[in-house]
1. Determine whether region 223-231 contains at least one residue that is surrounded by 22 or more Cβ atoms within 10 Å (Cβ to Cβ), over 18 Å from the mean Cα position of the chain (by Cα), closer than 22 Å to residue 346 by Cα and at pLDDT 90 or above.
2. Determine, yes or no, whether residue 204 is part of a strand (DSSP E or B) and modelled with pLDDT under 95.
3. Give region 284-303 a look and list any residue that's closer than 17 Å to residue 187 by Cβ and either surrounded by fewer than 20 Cβ atoms within 10 Å (Cβ to Cβ) or touching a Ser or Thr at 6+ places or on another chain (Cβ under 6 Å) (or both), or say none.
4. Find all pairs meeting these conditions: Cβ atoms under 7 angstrom apart; at least six residues apart or on different chains; first residue within region 194-220 and of a type in the set (Asp, Glu); second residue outside any strand (DSSP E or B).
5. Taking region 129-147 as the search range and keeping residues that are among the aliphatic types (A, V, I, L, M) and in a loop (DSSP other than H, G, I, E, B), which one is modelled with the lowest pLDDT?
6. Can you find, within region 328-356, the residue that is modelled with the lowest pLDDT among those that are of a type in the set (Gly, Ala, Ser) and exposed (fewer than 10 other Cβ atoms within 10 Å of the Cβ)?
7. Could you look through region 30-45, keep only residues that are more than 40 Å from the chain's Cα centre (by Cα) and more than 14 Å from residue 58 (Cβ to Cβ), and pick out the one that is surrounded by the fewest Cβ atoms within 10 Å (Cβ to Cβ)?
8. At pLDDT 95 or above and in contact with a Leu (Cβ under 7 Å, 6 or more places away or on another chain), is that true of residue 185?
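The values are calculated or read from the model by the stated rules, or taken from the named source; none is laboratory data. Bear in mind that the values here come from a model prediction, so they are computed numbers and not experimental data. Don't worry about glycine lacking a Cβ; one is built from the backbone with ideal geometry, like all the others, and counts go over all protein chains shown.
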Amino acid sequence: MTEASRHGGQPSPPVPRVRLVDVAREAGLSKTTVSAALNGTGRLSPEVRERARETARRMGYRPNATARHLRAGRARLIGYVVGEFAATPWTTFLESPYFARLTGATAAAALRRGYAMVLLPAGTLQSEWADLSLDAVVVADPVADDPVVEALLAAGIPVSTDRSVEGRPGASWVDVDAAGAVREALDHLRGQGAAAPVLVVPDSSTRFHVEAVAAHREWCAAHSLPERVVRVAEPGNGPVVRAVESALTGARRPDALLVVAEASPPLVLDVARRHGYEVPDDLLVVLFSEDAAAAHTEPPVTTLSLRPEAIAEAGVEQLVEVLEHGRREPAGTLVATRLDVRASSVRSRSDTSPPAGPPS
């Protein structure tokens, strides 16, 4: 019930906004002095500065952000879109622990620098953002030749995305070494005795997943092992679980599972058990995952983290360098991944000798 309906009259008028001149009058100071005190400028005594600030706090004064932004020529808004999820409902990516953490960390990093983040739909059309006063945009995990990236660059809007834009004017990039991460995980599995690893990876054209598949192929060739890959048709735990089931029920029984498609660690372990595998005795398991549950399953699951907070921090910092300091040359940052080894990928010492060649 509104105020108007309770009293049968018109809605109450809005509370007048406290102006700078009102604070000055209450504090017994000039408007210029109060402005300098609140902005941390001017040659004022500590007592005068504190009197102005305390009066402003007590009266509930807030600077006029719109006027300040107009004077600065910026709206202080950074757009954010996940290119990989262009074919799915635009909130689906928030169900992913990785993208949930990346999104939250990006918003927090932007806010610490005085910018608000605007969440844009995946697969967004230019007509949907053209009228927004976006200073810059983060495009997380773009697909190959992503139209959103191309449209933003054509519109002259600074972009931070992955390494696919390296060297392009107006674009910055933050990426992880996907190939190095895959090799590190596979080397770990082989060091634990794995001879028949299977890669479970999204059927995706993002740079990260393309590089992951290529690294797996090269690693298998270098170790004279068969290249065994199962593709996941779409994001989500259901499709990944079905792909894991396919990997475990094929003609050849795997002894290691490297799941690059993000999935729930408890669900992956449950699939293994239902198909007669003991982890880690029969099956070594490594997941590319940011799911905190991995450390609390039985056994705890080894994960490879892409460190979304570090990615977010670097991406926003690059855009602020462009917006605040006028940096024009393209910039890039390669973020190191982190392999957290847990019991799911560690066998007893007597069972960890790498095989001499491919299994029979």
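1. no
2. On the way: part of a strand (DSSP E or B): no; modelled with pLDDT under 95: yes.
Against the criterion (part of a strand (DSSP E or B) and modelled with pLDDT under 95), residue 204 does not qualify.
3. Filtering region 284-303 down to residues closer than 17 Å to residue 187 by Cβ leaves 284-288, 302-303.
Scanning region 284-303 gives 284, 285, 286, 287, 302, 303.
4. Hits for this filter: 203/233; 211/178; 211/179.
5. To start, the set of residues in region 129-147 that are among the aliphatic types (A, V, I, L, M) comprises 130, 132, 134, 136-140, 143-144.
Going one step further and asking which of them are in a loop (DSSP other than H, G, I, E, B), we end up with 130, 132, 134, 143-144.
Values: 130: 66, 132: 78, 134: 88, 143: 81, 144: 81.
Filtering first and then ranking leaves 130.
6. Per the criteria, the residue is 356.
7. If we filter region 30-45 for residues that are more than 40 Å from the chain's Cα centre (by Cα), which is where we start, we get 30-34, 42-45.
Subset that is more than 14 Å from residue 58 (Cβ to Cβ): 30-33, 42-45.
Values: 30: 13, 31: 14, 32: 11, 33: 18, 42: 12, 43: 5, 44: 17, 45: 8.
Taking the candidates together, the pick is 43.
8. In short, yes.
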